[in-house]
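Please treat every number below as a calculation from the coordinates, not as lab data. In this text, all values refer to a predicted model and were calculated from it rather than measured experimentally. Cβ atoms come from the backbone with ideal geometry, glycine included; neighbour counts cover every protein chain shown.
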Amino acid sequence: MSARAISRLSSHLWWGVSIGALGVIIAVLLAIFVFVFAHGVAALRPQLFTTVTTGIAGGLENAIAGTLLLVSIGIVLAAIVGIGTALWVVEYAPVWAARAVRYMIDVLAGVPSIVVGYFLYVALVEGLGWGFSLIAGAFSLAIFVLPYVERAADIALTSVPTHLREGSVALGARQAVTIFSIDLPYAMPGILTGLLVAVGIGLGETAPLIYTAGWSNYMPTLAPTHSPVGYLTYVVWTYISQPFAASHALAYAAATLLMLFVFATNLFARSFVEYRYNRGRR
Amino acid sequence: MMQRVRTQPFLRLATGALAVASFALIFLMLLFLLAYAYPAIRFNGIGFLTSLTWNIGNQYASGTVTRGGFTGQVGASFGALVFICGTVLSSFLAMIAAVPFSLLVAIAIVYRVPPFLKPLTNAVVELMAGVPSVIYGLWGMIVLVPFIGNKLSPSGNGNGLLAATIILALMVVPIMVATTRDVVQAQSTAIYEASMALGSTSWQAVTRAVLPSVRNGIAGSVLLAFGRALGETMAVLMVCGAAINTLPQSIFSPINTIAAVIVSQLESALTDASGMAQRSLGELALALFLITLIVNGVARVILRGGDRTSMVA
C-alpha cells in the first residue's frame, strides 16, 4: 500500500473512532434515562403528590413544594441581580469596569456549589442566626445560578443592533426609555433562555441546600427563617442508602420527577435558542 | 457621560449597585470563610496539609487542648491530606480520560454530523450536562459500583477511586464537548481548507491544522472542566467509599474528596462542643475555594479572547 493509501485508511478509521465516541455519549445518556425511568415510573403513584415523607418512605408532597419554592425564589433573586448587572455592564459601564465585572462573574461560575453553601451556612445560618431556612436555601441557589443569568442577559443585550438604539435616541428618547422599550424587549428571548437554563440547574442542586435549607419531613411553612425545607434531590441521596425497598422506590420516584422537570426546562430553553437563532438569520 | 448622570440617575445607580454586588461576591465569600476558619487555621497549623488523621477528638474527655491560641477537644486532629489527594487524583484521572474523548466527540459533531442532525446532537450534549449530580450518583451507586465490585475489583469493593473517576469523567465530558465544539466551530474554515489543498486527509487537516490553531481555547476549556471536577460533590460522595485516615493504595481503594467530606462530616462536626470541627470544615471549604479560584481564574484569562457564548460552562 502506498503512503497515501495508508493515510486515507487511517483517516477513515479515526473518523470512525470519533463518531463511535459520539455514539458512546448518546448511549450513556440513554442508559441513565432508561435506568431512572425503568425504576421510577413503577414507583410514581398519585399518593406521592398528596402525602409528605416519613421515616422510611411516604410521599413527596413536601419535597416537590420545597423544590419549587426554593427554585422560584432563587431565580427571582438571580434575575434581579443578574439582569441588573448585565444592564449596567452593557449600557453604562466604562470598558475597564465592564471587563472586571464580567471576569469576576465568569470566575464565580466555577466556584463549587458546596463552597457557596458553606459560605451561606457561616454567614446566614450561623452568622445571622437564621437557621436552616427557605431564604438561606434560595440565596444559595441564587448565587450559584447568577453567572448563567448574567451571561445570558449580557449576550442578549450586547446583540441588540446599534441602529435600533440610535433610532430611539434620535427620536429624543431618554436612555431609560430606550432600555425599557428597545433593548429589553429585543433581548427578552435570550434573557428568558438564561433564566430557564438557571431553573434547570437550580432544580438539580443538592450540596448547597444541605447546608442552607436543611431538610424537613413537613410541608414548607413559608416562614423565611428558622424553618427547614425539604427538596427532591435530598430524597434521592438519602433514601437510596436506606435498607428498605419502599425507601428505594421513593428515591427513584424523586429521581424520575427531577429528570422530567430538568429535561422539560432544558428542552423549553432550547426552543428559545432556536427561535433566537432563526430570528438572527432572517 | 455627565449628561447621563443628570438625566437617568436612578437606573444607573440601581444597576450599578447590583453590578458592584456581583463583583464583590467572591471577595465577600473569601472574607467570611477566612474569618470563620481562622481559629482552625491556627489550631491545625501545617498539620492540616500533612496529616492523614481526621478526628474531632474525644467529646467526653475532661479538659481540652490549646494549639495556636485556640481550643479543641482532647485528641482532635484535622488533617486534610487524604481528602486533598483524593480530590486531585480523581479529578486528574477523570481529565485524562475525558479530554481525548471530548475532543473526539467535539470534532465528530463539527465535521461529521450532517447539519440536519446537529440540533439533535447538541441537545444530547446539553441534556447530559443538565442531568443533576445526584442522578449521576444514583446511577453510579446502583449500576457502576456493583459492576466494578463484581467484575473488576480483586477485593469485591466497588466504591472508590475508579468509580469516582468514571463518574467525574462522564460529568465533565458534556461540558468539555460544548466548549471545544464552540471553539472549533468558531475557527475559520480557511485553515481546514488550506490543509486539505496541501494534500492532507480530512483527519490530518483537523488534528494537525485546526486543533493546534485553537489550542488556547482547548486549554481553557480543559481547565474549566478540571475546576468542575475538583468541586463536584454529590455524585462523588455517593460512589467514593468515604475513606478516612488512609491514602488510596490502588485504583480500587476507597477515597474521599474535600467537597464530599464537607457534606458527610457535617453531622459529626455539629457534635463537637469546642466548635473546632465545624471551623475545620470551613478551612476545607476555604482550601477548595482557593484551588478552584486559581484554576478558574487562569482558565478565564486564557479564554478571555473568546466570546462568552456557551450556556453550560
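Quick rundown of the values:
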| read-out | value |
| --- | --- |
| Net charge dipole size for the protein assembly as shown [Lys, Arg +1 and Asp, Glu -1 on Cβ; Debye, nearest 20] | 1380 debye |
| In nm, spacing of pseudo-spin labels at A:His163 and A:Leu267 (7 Å Cα→C-beta vector) | 3.9 nm |
| Rounded FRET efficiency, nearest 0.05, which uses the C-beta distance separating A:Met1 from A:Phe180 and R0 of 56 Å | 0.25 |
| The stretch B:28-45 and the stretch A:80-157: distance between their alpha carbon centers, rounded to Å | 22 Å |
| Alpha-carbon centroids, the stretch B:215-273 and the stretch A:1-73: separation in whole Å | 22 Å |
| Among B:Met128, B:Met95, B:Met196, residue whose mean-square fluctuation peaks in a GNM of chain B (springs only between Cα atoms under 10 Å) | B:Met196 |
| Using a Förster distance of 30 Å, the FRET efficiency for A:Asn217-B:Leu30 (Cβ separation, nearest 0.05) | 0.25 |
| Distance in nm between pseudo-label sites at A:Ser241 and A:Leu30 (7 Å out along the Cβ direction from Cα) | 3.4 nm |
| Efficiency of FRET between B:Ala273 and B:Val20 - r from beta-carbon atoms, R0 41 angstrom, step 0.05 | 0.55 |
| Signed unit charges on C-beta, dipole axis of the stretch A:46-281, positive-most listed residue A:Val199, A:Ala57, A:Leu120 | A:Val199 |
| Spin-label proximity, B:Asn216 to the stretch B:165-180 - amide N less than 17 Å from point 7 Å beyond Cα toward beta carbon | B:180 |
| Dipole in debye (nearest 20) - the stretch A:1-156, about Cα centre, beta carbon charges: Lys, Arg +1; Asp, Glu -1 | 640 debye |
| The stretch A:171-232-the stretch B:79-93 distance, computed between alpha-carbon centres (Å) | 34 Å |
| 222 nm mean residue ellipticity, helices alone, for chain B (DSSP H n ≥ 4; -39,500 (n - 2.57); rounded to 500) | -20500 deg cm²/dmol |
| The stretch B:79-305 - charge dipole about Cα centre, Lys and Arg +1 at Cβ, Asp and Glu -1, debye rounded to 20 | 540 debye |
| Helix-only [θ]222 nm of chain A, DSSP H runs n ≥ 4, -39500 (n - 2.57) each, per residue, nearest 500 | -23500 deg cm²/dmol |
